[in-house]
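What follows is calculated from the coordinates using simple rules that are stated; it is not laboratory data. As the structure is a prediction and not an experimental result, all values here were calculated from the model. Here the Cβ is made from the backbone with ideal geometry for all residues, glycine too, and neighbour counts use every protein chain on show.
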Amino acid sequence: MKIINTIKNTKEYLKNIRLQNLSIGFVPTMGALHEGHLELIRKAKNENDFVVCSIFVNPIQFNNREDLEKYPGILENDISELEKTGCDLLFSPSVKEMYPAPVKTKYDFGDLEKVMEGKHRPGHFNGVAIVVKKLFEIIKPDKSYFGEKDYQQLVIIQALVKKYNIPVEIVPCATVREPDGLAKSSRNKRLTPEERKIAPVIYQILKEVKNKAGKTPINELNKWVEQQINNYKGMKLEYFEIVNKKTLQPIESWENKDCIVCIALFLGKVRLIDNIILF
Ligand code: PAF
């Protein structure tokens, strides 16, 4: 696997790949790779001739300093996992390389960013949009792969691509889970053994919500989820929303048949998110 740290060399290298008429699949990441990321790489490998992965811990998408400081750095392990999975090129720039000067761009995603993650992490999606647009301009991929675990991010990236006519196909990929149901996440490593034991409850609650969907009134379901979370010491609900899959706006009745349930909570000091598609 080729590893490149500069934008100029990456562009040159990929120009040559394109001249050979090879299709490029791209997986943007912030490192600390787990099975969820590797699934994206595998899918990219199946669908393209050449696979690029980026590892860049994007400081401007962290609204919380502690979260950024605690984010694991590039691990030797990431490189060996990428090699084993068949990634062809790793682009791993420094912050200075990506942002030689402060970036002031402001994106407006309207109501899509006013709910859930956007509401609780001000500026987060602006930082994500800035880095992803820049990465797309550098890599110019044919297809790019995003996990459905970060569902709101996926919808916002789709909106970004549409708004700026970026010629890339966004490929959504199903959430990869531990055998006990916990969604794979780089943050899981920060859970204490006790917290890790209770974390699968999140997916159990989501599955039960799916069972109750369409039968239990929405406000009762909201209360039920709150009660369930409160039963567990150390768990603190940040939001639980049943929203339309496309608009991300909360649904008011079960007549809306196109919806997804999204949840964010703290387990001790670790913030976890998950979701389940209802219908
Ligand atoms: O999902 C992530 O890991 C990040 O938000 C992304 C898409 C790599 C942008 O920094």
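Here are the numbers:
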{"item": "For Thr175, distant residues with modelled amide H under 5 Å away", "result": "Glu148, Lys149"}
{"item": "Cβ charges +1 (Lys, Arg) and -1 (Asp, Glu), total dipole of the stretch 80-204, debye", "result": "360 debye"}
{"item": "Estimated vicinal HN-Hα couplings, Hz - the stretch 139-154 in sequence order (Karplus 6.51, -1.76, 1.60; Gly, Pro = x)", "result": "7, 6, x, 7, 9, 10, 10, 10, x, 6, 4, 8, 4, 5, 4, 4"}
{"item": "Percent of Cα pairs exceeding the 21 Å cut-off, where the set is the stretch 1-148", "result": "46 percent"}
{"item": "Geometric extent, Cα atoms of the stretch 77-157 - Rg, Dmax (angstrom)", "result": "14.8, 41"}
{"item": "Cα Rg over Rh - the stretch 1-55, Kirkwood", "result": "0.98"}
{"item": "Least to most buried among Leu191, Leu237 (fewest other Cβ within 10 Å first)", "result": "Leu237, Leu191"}
{"item": "Mean shadow area of the chain, taken as a quarter of the surface of its Cα convex hull (nm²)", "result": "14.8 nm²"}
{"item": "Student exercise, the chain dipole from Lys, Arg, Asp, Glu Cβ charges, in Debye to nearest 20", "result": "340 debye"}
{"item": "Filter on Lys134/Lys210; Lys104/Lys162; Lys84/Lys163; Lys2/Lys96; Lys134/Lys236 - keep pairs with C-alpha separation over 29 Å", "result": "Lys134/Lys210; Lys84/Lys163; Lys134/Lys236"}
{"item": "Reciprocal mean inverse distance between Cα atoms of the stretch 123-279 - Kirkwood radius, Å", "result": "17.0 Å"}
{"item": "Under 5 Å, built H, 5+ apart or other chain: amide partners of Leu278", "result": "Cys259, Ile260, Val261"}
{"item": "Low-density loop cleavage sites - GluC sites (Glu not before Pro) in the stretch 193-279, where at most 15 other Cβ are within 10 Å (DSSP)", "result": "Glu252, Glu255"}
